[in-house]
Each structure stands twice: as C-alpha cells, then as structure tokens.
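Peer 1: Pasting in a structure now, in structure tokens, and then I'll have a few things to ask.
The values are calculated or read from the model by the stated rules, or taken from the named source; none is laboratory data. Keep in mind that this is a model prediction, so the values were computed, not measured. Please note: Cβ atoms are built from the backbone with ideal geometry, for glycine as well, and neighbour counts cover all protein chains shown.
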Amino acid sequence: MGERRTSMIERGVHRVESHIEEWRKGHAARHAQAETNRDELWAAAAERERHLAEIIGEEEAHRASAEEVMKEHRLAFVVHSEEVAQTLETFAREKDRLVKVIPSTRGRYAKEMGIKGSWLVFKPSDRE
C-alpha cells in the first residue's frame, strides 16, 4: 500500500508540475504579446506625434502667411458686434486714424476660448 500511495503522490506532483509548466508557458506567451503590443503602441504614438508635428508646422506656416497677407494689404479681420461695426464705419467715413491698439486684459470666457480683444484708439481727422 505504501508504493501505491507514493504512486498517487507522484501523479499528483506531476499534474501540479504540468499545470505550473502550462501556466509558465501561457505567462511567457502573454508577456511576449504584451511586449509586442507595447512596441506597436509606441510606434503608433510616434506616428501620431509625427503627424501632429507636421500639422502644427503647416498651421504655423498658414498663420505666418495670413500675417504676411494682412501686412501686405494693410488689412485685418475683426470679429465685433453690429454696434461696433457702425462705430468703425463712422470712423472710416470721417477718415479718423487708428493710432493705438491696447490689448484687453478682461473677459475670462474670451481667454478660455483663446479669443483676444483689443481697444482700438482713433485720432479724429483734421476736418475743415
């Protein structure tokens, strides 16, 4: 009976060892797959970063071009209310001259949205 008991214990040990070996193989395979996935994710992230840098570069070039066009043609696009449009039209009609631009430091919403405002200071024309 002692030999039979040893045989059962040995079979149990072999089964445990077999399960451990299967677990180790599975663990190694999962680890290898995780490494592969990590490498693929890093490669994809690097590609996205390259695309982003390219897009930002194009956008910055576009901004520079818009600035150059505005300077060349002596014009600027301004977002404003109807009331401000009427005031600006009056200044232009009376040939008043823009003498100063004072950036506004107020307006939390505008700052959050990336909108900048300025006070435009005009000098009345010398009307005769």
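Peer 1: Checking the structure you have, find out if any residue of region 10-31 is hydroxyl-bearing (Ser, Thr, Tyr), part of a helix (DSSP H, G or I), in the same structural domain as Lys116 (by TED's automatic domain parsing) and at pLDDT 90 or above.
Peer 2: No: region 10-31 contains no residue that is hydroxyl-bearing (Ser, Thr, Tyr), part of a helix (DSSP H, G or I), in the same structural domain as Lys116 (by TED's automatic domain parsing) and at pLDDT 90 or above.
Peer 1: In addition: Show the residue pairs meeting these rules: Cβ distance below 9 Å; 6+ apart or different chains; first residue within region 68-91 and touching a residue at least 12 places away in the same chain (Cβ under 8 Å); second residue charged (D, E, K, R) and surrounded by 10 or more Cβ atoms within 10 Å (Cβ to Cβ).
Peer 2: That search, which allows pairs on different chains as well, returns Phe91/Arg97.
Peer 1: Given the structure, is Val69 farther than 25 Å from Lys123 by Cα and either surrounded by 10 or more Cβ atoms within 10 Å (Cβ to Cβ) or in contact with a Pro (Cβ under 6 Å, 6 or more places away or on another chain) (or both)?
Peer 2: yes
Peer 1: Then there is this: Could you please let me know if Val79 is surrounded by 10 or more Cβ atoms within 10 Å (Cβ to Cβ), over 20 Å from the mean Cα position of the chain (by Cα) and hydrophobic (A, V, I, L, M, F, W, C)?
Peer 2: It is false that Val79 is surrounded by 10 or more Cβ atoms within 10 Å (Cβ to Cβ), over 20 Å from the mean Cα position of the chain (by Cα) and hydrophobic (A, V, I, L, M, F, W, C).
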